[in-house]
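One structure below.
The values are calculated or read from the model by the stated rules, or taken from the named source; none is laboratory data. Treat the numbers as computed from the prediction; the structure is a model and nothing was measured. As a convention, Cβ positions derive from the backbone with ideal geometry for all residues, glycine included, and neighbour counts pool all protein chains shown.
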Amino acid sequence: MNGAGRGTLPPGDPMHFQLARRHAFNEADLIIIVGTPFDFRMGYGRRLSPTAKVVQIDLSYSTVGKNRDIDLGIVGDAGAVLSAVTAAASGRIAGAPNRKAWTDELRAFEIAAYERRLPRQRSDATPIDPYRLVHEINEFLTEDSIYIGDGGDIVTFSGQVVQPRSPGHWMDPGPLGTLGVGVPFVMAAKHARPDKEVVALFGDGAFSLTGWDFETLVRFDLPFVGIVGNNSSMNQIRYGQIQKYGEGRGRVGNTLGDVRYDQFAKMLGGYGEEVRDPADIAPALQRAENRVSPRSSMCGSIPTCTRRAP
């Protein structure tokens, strides 16, 4: 699932996969793309096997078949189309081919990919490995947590690890990478669903764009738990510059100050901690949650997790 589609299948569902997409795109004989354009996230369609049959379902004729030829295009509401497909398939399932071997292959690939990354998710290294950070956040989430990611580099990490438990419980900057959406998303989510816990992960660059509205959240009593991954960089930009122009130009226009975001939160009436030891992430998140509970007068917690860029 991409973007807002995350959570459509809960973690643990036998058809839920998070790390096997590339393998599936390479090996599948039929690929059905639902509500996703062939943009840069899909390599403009080049990431799909050239020998696979491709079906695309989308709301607009301008999207279906754009950037890549397809075998069948269906324009319409995804829910309505898939409901019609389900109805048409009723009674035919008994004679359908057994796909267990295919799902077993994907599951084996998924498990292998997870196990390769697991040492970093459990790393005790300092500065904190970003995989350890997002692993702790994923462990912290509950069935009622709306998760919001705002940033470039840090949201890429979280997209590989964090698994929302329900539909509509994931929000991010979208395919255009519109940084700064985090605090407005928190404000809207908490106002619309005050019964839900809102957890937001920010890159320090993204938070700097709209972070002053933290004070608005405090003033209107819209509590949330926030984490700033602080590496004093617009890191995704830095890596792109290094790849294109070399190390000598990697730091042009993307280095940020070493801001104490825990103090920023306190200054605006919230609760904050700075975390430098990975073992302290989970306890800090729990203390933040306790502060923003209905029994507490504190709100808008930002425990700050720091990872220094090389």
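Residues in the range 96-130 that are touching a Ser or Thr at 6+ places or on another chain (Cβ under 7 Å) and not hydrophobic (A, V, I, L, M, F, W, C): Pro127, Asp129.
Within the range 198-217, is even one residue part of a loop (DSSP other than H, G, I, E, B) and either surrounded by fewer than 24 Cβ atoms within 10 Å (Cβ to Cβ) or modelled with pLDDT of 95 or more (or both)? The answer is no, given that none of the residues of the range 198-217 is part of a loop (DSSP other than H, G, I, E, B) and either surrounded by fewer than 24 Cβ atoms within 10 Å (Cβ to Cβ) or modelled with pLDDT of 95 or more (or both).
Selection of the range 126-136 for residues being buried (at least 22 other Cβ atoms within 10 Å of the Cβ) and in a loop (DSSP other than H, G, I, E, B) yields only Ile128. Go through the range 45-60 and count every residue that is assigned to a loop (DSSP other than H, G, I, E, B) and surrounded by 14 or more Cβ atoms within 10 Å (Cβ to Cβ). Here the count works out to 4.
Within the range 68-81, can you find the residues that are surrounded by 11 or more Cβ atoms within 10 Å (Cβ to Cβ) and either outside the structural domain of Glu27 (by TED's automatic domain parsing) or at pLDDT 95 or above (or both)? Reasoning before the result, please.
Our first condition is that a residue be surrounded by 11 or more Cβ atoms within 10 Å (Cβ to Cβ); within the range 68-81, this holds for 68, 70-78, 81.
Result: Ile70, Asp71, Leu72, Gly73, Ile74, Val75, Gly76, Asp77, Val81.
Residue-level check: of (1) under 24 Å from the mean Cα position of the chain (by Cα); (2) on the phi > 0 side of the Ramachandran plot; (3) not in a helix (DSSP H, G or I), Gly65 misses just (1).
Quick grid of which residues meet (1) in contact with a Ser or Thr (Cβ under 7 Å, 6 or more places away or on another chain); (2) closer than 30 Å to Leu118 by Cβ:
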residue: Gly7; (1), (2): yes, yes
residue: Asp13; (1), (2): no, yes
residue: His16; (1), (2): no, yes
residue: Leu19; (1), (2): no, yes
residue: Phe38; (1), (2): no, no
residue: Leu48; (1), (2): no, yes
residue: Lys66; (1), (2): no, no
residue: Asp71; (1), (2): no, no
residue: Ala80; (1), (2): no, no
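What about Ala189, is it among the small types (Gly, Ala, Ser) and at pLDDT 95 or above?
Numbers: among the small types (Gly, Ala, Ser): yes; at pLDDT 95 or above: yes.
So Ala189 passes the test.
Restricting the search to the range 185-228, which residues are closer than 24 Å to Asn254 by Cα and among the hydroxyl-bearing types (Ser, Thr, Tyr)? Before the answer, list the steps.
Of all residues in the range 185-228, those closer than 24 Å to Asn254 by Cα come to 200-214, 226-228.
If the condition is that a residue be closer than 24 Å to Asn254 by Cα and among the hydroxyl-bearing types (Ser, Thr, Tyr), then Ser208, Thr210 are the ones that fit.
Mind checking whether some residue in the range 110-125 is more than 30 Å from Gly205 (Cβ to Cβ) and surrounded by 14 or more Cβ atoms within 10 Å (Cβ to Cβ)? Checked against the condition, which is being more than 30 Å from Gly205 (Cβ to Cβ) and surrounded by 14 or more Cβ atoms within 10 Å (Cβ to Cβ), the range 110-125 yields at least one hit.
If you go through the range 167-179, how many residues are buried (at least 19 other Cβ atoms within 10 Å of the Cβ), part of a loop (DSSP other than H, G, I, E, B) and not charged (D, E, K, R)? Reasoning before the result, please.
The initial filter retains those residues of the range 167-179 that are buried (at least 19 other Cβ atoms within 10 Å of the Cβ), namely 169-173, 179.
In the following step, the residues that additionally are part of a loop (DSSP other than H, G, I, E, B) were identified as 169, 172-173, 179.
From what is left, the residues that are not charged (D, E, K, R) are 169, 173, 179.
Qualifying residue count for the region: 3.
Being touching a Phe, Trp or Tyr at 6+ places or on another chain (Cβ under 7 Å), outside the structural domain of Ser166 (by TED's automatic domain parsing) and either surrounded by 13 or more Cβ atoms within 10 Å (Cβ to Cβ) or in contact (Cβ under 8 Å) with a residue 12 or more places away in the chain (or both) is a property that holds for His23.
Could you please let me know if Gly12 is among the small types (Gly, Ala, Ser), out of contact with any Leu (no Cβ under 8 Å at 6 or more places or on another chain) and not in a helix (DSSP H, G or I)? Quick ask: steps written out before the conclusion?
Working: among the small types (Gly, Ala, Ser): yes; out of contact with any Leu (no Cβ under 8 Å at 6 or more places or on another chain): yes; not in a helix (DSSP H, G or I): yes.
Spelling it out, Gly12 is indeed among the small types (Gly, Ala, Ser), out of contact with any Leu (no Cβ under 8 Å at 6 or more places or on another chain) and not in a helix (DSSP H, G or I).
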